[in-house]
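J.: Below are the structure tokens for one structure; questions will follow.
The values are calculated or read from the model by the stated rules, or taken from the named source; none is laboratory data. Predicted model only: the values in this text are computed from it and were never measured. Quick reminder, even Gly has a Cβ in these numbers, built from the backbone with ideal geometry, and neighbours come from all protein chains shown. What goes into the accessible areas is simple: the full protein's heavy atoms, side chains included, and nothing from ligands, DNA or RNA. Shrake-Rupley method; radii C 1.70, N 1.55, O 1.52, S 1.80 Å.
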Amino acid sequence: RRIETVIPSTTGAALTTLTTGTLPGAHGLVGYKIRHPELGLLTTLKDWEGIKDPRDWQRSKPLFGLAEVIGARAVAIGRPAHATGGLTEAILSGAEYHGGQTIADRFALASKLLHGSEPLLAYLYVDELDRVAHSEGWESDKWLLRLEQLDAALRDLLRSLPGDVGVIVTADHGMVDVPPSKRMLLDAGAVPLDGVELIGGEPRMRSLYLREGTDAESCAASVQQALGKVAWVGTRAEAIVNGWFGPIDGEVASRIGDVIIAARGQHAFMLTDDAPAVHEMVGQHGSISDEERGIPLALAGSLENSSFARAVSELAQLRHS
């Protein structure tokens, strides 16, 4: 069945919610590129250098440590390149990391571990669909090929699954394909950015950090007038009141832009100094559309006929309301 991911619908925020059980307002990774009080704009996926303690930046404790409490071994399975790094330490601590280069490699690792003698909590991450969607679009033949590879690997796993093992399949976000004609330059002069000091976020969800003394409501109104129906523009205060990020914990509020631009339809807002690959990106996510926030929840094995799906759906609806 369908559930919803977090706002913003971006990897750093969503994976952290999946591994900690807390919303972005609590764990603090409230976007793709957010403002650090000392280091400036940092991406939540890559820019961890200079952060002395990753847990100061990602504030919630990952749930893998609880596996030991119930007598289980916690493992995380992903690309070998992701075995170390700030985000890995911040969201996967407490789990042994096992690397597999391909989708099939990772599922083979999972199958081997699941047939061991000890209870296991396994987290398996597949990023191939996201990667090819960014470069080619989710409607491309290459994306479909990756989906078929995932489907085949999952099918093989389920065929040999021990009877007392349950499988949960979900995602961190959805995707929108953005044609070149709808990739707009936000800072090319057509949109009034007076008083804007920094622009963070990503093309589908931009955060404007204002200079001290600049009125956020006036800035938001001017930007909304310039962009019209291609975006929702509002203030940090509005987003917090509407519960976009969940309850806000301590210093996390200052990480959110004073003004937020959420793309509508198939639009995206690039910056002139974005890397060429960003300007060429087809599949994008981060905003609040149904396509980006809608994610699957599928169960198999010992969970297939359980009430787990219903409980997760009810919880998601409760938090959404």
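J.: Measuring from centroid to centroid over Cα atoms, what is the spacing of the range 161-175 and the range 1-65 in Å?
T.: Answer, in whole Å: 22.
J.: When a/c is below 1.5 the answer is rounded, else prolate if a/b is larger than b/c, else oblate, so apply that to the range 33-165 with a ≥ b ≥ c taken from the square roots of the Cα gyration tensor eigenvalues. Mind dumping the intermediate values first?
T.: On the way: a/c = 2.88, a/b = 1.20, b/c = 2.39.
Oblate.
J.: Hey, for a label at Leu297 modelled as a point 7 Å past Cα toward Cβ, could you say which residues of the range 170-211 have their backbone N under 14 Å away?
T.: So the set is 170-172.
J.: Under 10 Å, Cα contacts only: if you run a Gaussian network model on the chain, which one of Arg159, Arg59, Arg35 comes out with the highest mean-square fluctuation?
T.: For the chain, modelled as a Gaussian network with Cα springs under 10 Å, the answer is Arg159.
J.: Then there is this: Which of Leu92, Leu145, Leu23 ends up with the largest GNM mean-square fluctuation for the chain, with Cα atoms connected below 10 Å?
T.: The residue with the greatest mean-square fluctuation here is Leu145.
J.: If the chain between Ser160 and Arg264 were fully stretched, how many nm would it gain, using 0.36 nm times the residue separation less the Cα-Cα distance?
T.: Length gained between Ser160 and Arg264: 33.1 nm.
J.: So which residue, out of Val30, Val241, Val259, gets the largest mean-square fluctuation from a GNM of the chain using Cα contacts under 10 Å as springs?
T.: For the chain, modelled as a Gaussian network with Cα springs under 10 Å, the answer is Val241.
J.: Please report the relative contact order for the chain, taking Cα pairs under 8 Å with a sequence separation of at least 6, and give it as a percent rounded to a whole number.
T.: In percent, rounded to a whole number, it is 25.
J.: Subtract the Cα-Cα distance of Glu148 and Asp105 from 0.36 nm times their separation in residues, and report this length gain in nm to one decimal.
T.: 14.0 nm
J.: Please list, by residue number, everything in the range 27-61 whose backbone N is under 13 Å from a paramagnetic label point 7 Å out along Cα→Cβ of Ser254.
T.: Flagged as within label range: 35-40.
J.: In terms of solvent-accessible area of protein heavy atoms at a 1.4 angstrom probe, what is the ranking of Arg255, Arg55, Arg211, highest value first? Please list the in-between numbers first.
T.: Numbers: Arg255 5, Arg55 90, Arg211 125 Å².
Heavy-atom accessible area, descending, gives Arg211, Arg55, Arg255.
J.: Let me know the shape class of the range 162-211, please: from the alpha-carbon gyration tensor, a ≥ b ≥ c as square roots of the eigenvalues, rounded when a/c is under 1.5, otherwise prolate if a/b is greater than b/c, or oblate.
T.: oblate
J.: Using helices alone, what [θ] at 222 nm do you get for the chain, with -39,500 (n - 2.57) per DSSP H run of 4 or more residues, divided over all residues and rounded to the nearest 500?
T.: Only helices count here, giving -9500 deg cm²/dmol.
J.: Just check the range 1-79 against the gyration tensor rule for me: Cα atoms, a ≥ b ≥ c as the square roots of the eigenvalues, rounded for a/c under 1.5, and otherwise prolate or oblate depending on whether a/b exceeds b/c.
T.: Cα axes put the range 1-79 in the oblate bin.
J.: If you average the sequence gap of Cα pairs under 8 Å that are 6 or more apart and divide by the length of the range 24-75, what percent do you get for the contact order? Intermediate results must be reported in sequence, preceding the final value.
T.: Numbers: 37 pairs, mean separation 14.7, N = 52.
With pairs under 8 Å counted, the relative contact order is 28 percent.
J.: Further, regarding this structure: Of all the accessible heavy-atom surface of the range 13-77, with the other protein chains kept in place and a 1.4 Å probe, what percent is carbon and sulfur?
T.: Numbers: 1570 of 3030 Å².
Carbon and sulfur together cover 52 percent of it.
J.: Within the range 220-321, which GluC sites (Glu not before Pro) sit in a loop by DSSP and count at most 15 neighbouring Cβ atoms inside 10 Å?
T.: Those that pass, being in a loop and sparsely packed, are Glu280, Glu304.
J.: Indicate, rounded to the nearest 5 percent, the antiparallel portion of the DSSP beta bridges found entirely in the chain.
T.: Looking only at bridges with both residues in the chain, the antiparallel portion is about 70 percent.
J.: Give the lysines reachable from Lys46 as a straight Cα distance under 30 Å; neighbours fewer than 8 places away on the same chain don't count.
T.: Hits, sequence-local ones excluded: Lys33, Lys61, Lys142, Lys182.
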